[in-house]
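The values are calculated or read from the model by the stated rules, or taken from the named source; none is laboratory data. In this text, all values refer to a predicted model and were calculated from it rather than measured experimentally. Reconstructed Cβ throughout: ideal geometry from the backbone, glycine too, with neighbour counts over all protein chains shown.
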């Protein structure tokens, strides 16, 4: 869905709103440095496992009720879609157990990461998807946060409303604000379409900005496709947490990127 190449992944990638995605497991298998961020990573092992498994069933049921709203070129049919989603869940759960430092509890629009945490930041099926629940101000704050934590580029997919596939009414206003911040913004077609009409991504380029134009001194993150419906719940993103700084030497801080929740 993001049209990723080997060069895109070379400098490290961050998956924001990653949920029960298998993206980190797949990156690790290819020796690609990758991290995921989602508020559900603060949950207990059993609660998260139950939520991931139930989300596969819930997503299957919703799609089965509205098959005409989807394009089946990639998945083929409903049964294959469910198998792929189940396979993603089956890879995610053991990988999180094996590599917990790759999974950071955090949520937009305030991520517990330092500036320029990854060369590429991805985010799918949160921004714009839930624009009827999360308003224009929230989206602008979230996109500025993503631009803060990337060292080069942010990609956001898709650009239509969940369910209806309607165009997001405030997209142009948000783009205008980001450009006034000095962020390069473009809309690009992608070689993927499942929800009808969802075949474009928003690309933010920040590599040419000076460090002083990037804001504060802590960081940001990214996201991918095998994303499950539990990470699409807009209510998880309504209230930002409070964070305190930790040093890169703190053993609780994965690769010195993150910050810890305020007690």
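Mind checking which residues of segment 1-23 are at negative phi and buried (at least 24 other Cβ atoms within 10 Å of the Cβ)?
13, 14, 15, 16, 18, 20, 21, 22, 23 - these are the residues of segment 1-23 that are at negative phi and buried (at least 24 other Cβ atoms within 10 Å of the Cβ).
Please state which one of 126, 134, 122 is assigned to a loop (DSSP other than H, G, I, E, B), closer than 23 Å to residue 4 by Cα and modelled with pLDDT of 90 or more.
Exactly one of 126, 134, 122 is assigned to a loop (DSSP other than H, G, I, E, B), closer than 23 Å to residue 4 by Cα and modelled with pLDDT of 90 or more, namely 126.
So, residue 168, is that one under 28 Å from residue 68 (Cβ atoms) and in contact (Cβ under 8 Å) with a residue 12 or more places away in the chain or not?
Criteria met by residue 168.
Please go through (1) farther than 30 Å from residue 10 by Cα; (2) within 17 Å of the chain's Cα centre (by Cα); (3) assigned to a loop (DSSP other than H, G, I, E, B) for residue 76 and return the number of the only condition it doesn't satisfy.
So residue 76 meets the others, but not (2).
Answer yes or no as to whether residue 182 is in contact with a helix residue (DSSP H, G or I) (Cβ under 6 Å, 6 or more places away or on another chain) and over 20 Å from residue 12 (Cα atoms).
Answer is yes for this residue.
So that you can scan it fast, the table gives a plain yes or no per residue for (1) more than 20 Å from residue 192 (Cα to Cα); (2) at pLDDT below 85; (3) out of contact with any strand residue (DSSP E or B) (no Cβ under 9 Å at 6 or more places or on another chain):
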position	(1), (2), (3)
7	no, yes, yes
10	yes, yes, no
15	no, no, no
23	no, no, no
28	yes, no, no
33	yes, no, no
49	yes, no, yes
72	no, no, yes
95	yes, no, no
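Has segment 26-44 got any residue that is assigned to a helix (DSSP H, G or I) and closer than 18 Å to residue 154 by Cα?
Yes, segment 26-44 contains at least one residue that is assigned to a helix (DSSP H, G or I) and closer than 18 Å to residue 154 by Cα.
Please enumerate the residues belonging to segment 60-81 that are over 20 Å from residue 164 (Cα atoms) and surrounded by fewer than 12 Cβ atoms within 10 Å (Cβ to Cβ).
Hits for segment 60-81 are 76, 77, 79.
From the residues in segment 97-115 that are under 14 Å from residue 48 (Cβ atoms) and surrounded by fewer than 17 Cβ atoms within 10 Å (Cβ to Cβ), which one is modelled with the highest pLDDT?
If we take residues in segment 97-115 being under 14 Å from residue 48 (Cβ atoms) and surrounded by fewer than 17 Cβ atoms within 10 Å (Cβ to Cβ), then 105 is modelled with the highest pLDDT.
Scan segment 144-157 and give yes if some residue there is in contact with a helix residue (DSSP H, G or I) (Cβ under 7 Å, 6 or more places away or on another chain), in a strand (DSSP E or B) and crowded, with 23+ Cβ neighbours inside 10 Å, otherwise no.
Yes - at least one qualifying residue is present in segment 144-157.
Against the definition (more than 22 Å from residue 11 (Cβ to Cβ), touching a strand residue (DSSP E or B) at 6+ places or on another chain (Cβ under 6 Å) and either without any contact (Cβ under 8 Å) to a residue 12 or more places away in the chain or not in a loop (DSSP other than H, G, I, E, B) (or both)), how does residue 175 come out, yes or no?
Yes.
Output the number of residues of segment 158-171 satisfying the condition of being in a loop (DSSP other than H, G, I, E, B), out of contact with any helix residue (DSSP H, G or I) (no Cβ under 9 Å at 6 or more places or on another chain) and either under 13 Å from residue 132 (Cα atoms) or modelled with pLDDT under 90 (or both).
Matching residues across segment 158-171 total 2.
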